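For reference, the structure is listed below as structure tokens.
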Amino acid sequence: MNPEQNKGFRISIAPMMDWTDRYYRFFMRGITRECWLYTEMIVARAILNGDAGRLLAFDEQEHPIVLQIGGDRAQDLARATRIGADFGYDEINLNVGCPSDRVQGGNFGACLMAEPERVADMVCAMAAATRLPITVKHRIGIPGADRYEDLARFVELVSRAGCTRFIVHARIALLNGLSPKENRTVPPLRYADVYQLKSEFPHVTVEINGGIRSLESIQAHLRHVDGVMIGRAAYEDPFLFASIEEKLFGNEPKTRESVVAHCGAFLEQLVKDGSNPHRLTRHMLGLFYGQPGARAWRRLLSDQRFLKTSGARCLEHALRQRADERELVQV
């Protein structure tokens, strides 16, 4: 079910390199059915020249799911878009927000905000390659193009090219001198710029991103924009999305134990296939964030020796140890 059609707004989990892989996405589907999931950013040339099956495969349970692509050549992006559409994604997103040196070296990501006409050409080529929505995730600006007027011009040009949704990280991206981690925290948040964007461009869909960590802040932002994207909080405190599912979408409350049960069969198959349970369990460390017994849960699920000896029963054992620690704390 498409949450936009249901409620008129969208909540999503940000694409995060090394984090939002298929194992994380499967885990999150045990918590939320309504929120939109994203792949990690995948470079268009990797899709064209690499193992597309390995890069793009996902479980049907992951819908609705967005493929995020990075690149700087319209032709490559169009071809990668066609391939992504054939794999069954619900939407294709262009990364114009990543500030890392590696991404800049490929001449894509946030540095493309200096060339809105070029981004418009790329979006136009992508839109011509599929009937799926083409969306753009970007910053509010970069050095030399960090005024609201620059942001508005970017959105105006790119929307004309066929972009249907703008996911706006409400910080500028500093392309020199800061790490990607620092770029997520050091530049000040300018939520008002994103609100103004929606006000002045009512015909486009605007989703806000950056520093949003609670249900209350989500509800506050939804009074001004069409959607909210959660980044690091979705990884550090994934069960936040159980509250979102219940309070915003009106669905039945989840329990952490039901999430563990959801992951159990998937983990058994991983072990049967000879894969390391850590591929899944590393994403589950924050499931009991802020709860008694969380330390035991994290300790065991990050212990490679424990995972190796426990195999498919590691979640069951960790749940029991977490309960024992909780009882000691409460005594």
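The values are calculated or read from the model by the stated rules, or taken from the named source; none is laboratory data. These figures come from a predicted structure and were not determined experimentally. Here the Cβ is made from the backbone with ideal geometry for all residues, glycine too, and neighbour counts use every protein chain on show.
Given the criteria more than 15 Å from the chain's Cα centre (by Cα), in a helix (DSSP H, G or I) and farther than 21 Å from Leu151 by Cβ, does Asp121 qualify?
no
Would a scan of the range 151-171 turn up a residue that is modelled with pLDDT under 95 and either in the same structural domain as Met16 (by TED's automatic domain parsing) or surrounded by fewer than 17 Cβ atoms within 10 Å (Cβ to Cβ) (or both)?
yes
How about the range 41-60: which of its residues are outside any helix (DSSP H, G or I) and surrounded by fewer than 17 Cβ atoms within 10 Å (Cβ to Cβ)?
Result: Gly50, Asp51, Ala57, Asp59.
Kindly establish whether Gly286 is under 20 Å from Arg25 (Cα atoms), small (Gly, Ala, Ser) and touching a helix residue (DSSP H, G or I) at 6+ places or on another chain (Cβ under 8 Å).
Criteria met by Gly286.
Are any of the residues in the range 45-54 closer than 26 Å to Met113 by Cβ and of a type in the set (Asp, Glu)?
no
Which residue pairs have Cβ atoms under 9 Å apart, sit 6 or more places apart or on different chains, and have a first residue in the range 145-156 that is farther than 14 Å from Ala110 by Cα and a second that is assigned to a helix (DSSP H, G or I) and polar (S, T, N, Q)?
Pairs found: Tyr148/Gln196; Ala152/Gln196.
Looking at (1) within 24 Å of the chain's Cα centre (by Cα); (2) assigned to a helix (DSSP H, G or I); (3) surrounded by fewer than 18 Cβ atoms within 10 Å (Cβ to Cβ), which is the one condition that is false for Gly290?
If we test Gly290 against (1) within 24 Å of the chain's Cα centre (by Cα); (2) assigned to a helix (DSSP H, G or I); (3) surrounded by fewer than 18 Cβ atoms within 10 Å (Cβ to Cβ), just (2) comes out false.
Matching residues to (1) assigned to a helix (DSSP H, G or I); (2) free of Cβ contacts under 8 Å to residues at least 60 places away in the same chain:
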| residue | (1), (2) |
| --- | --- |
| Ala233 | yes, yes |
| Ile244 | yes, no |
| Gly264 | yes, yes |
| Val271 | yes, yes |
| Ser275 | no, yes |
| Lys308 | yes, yes |
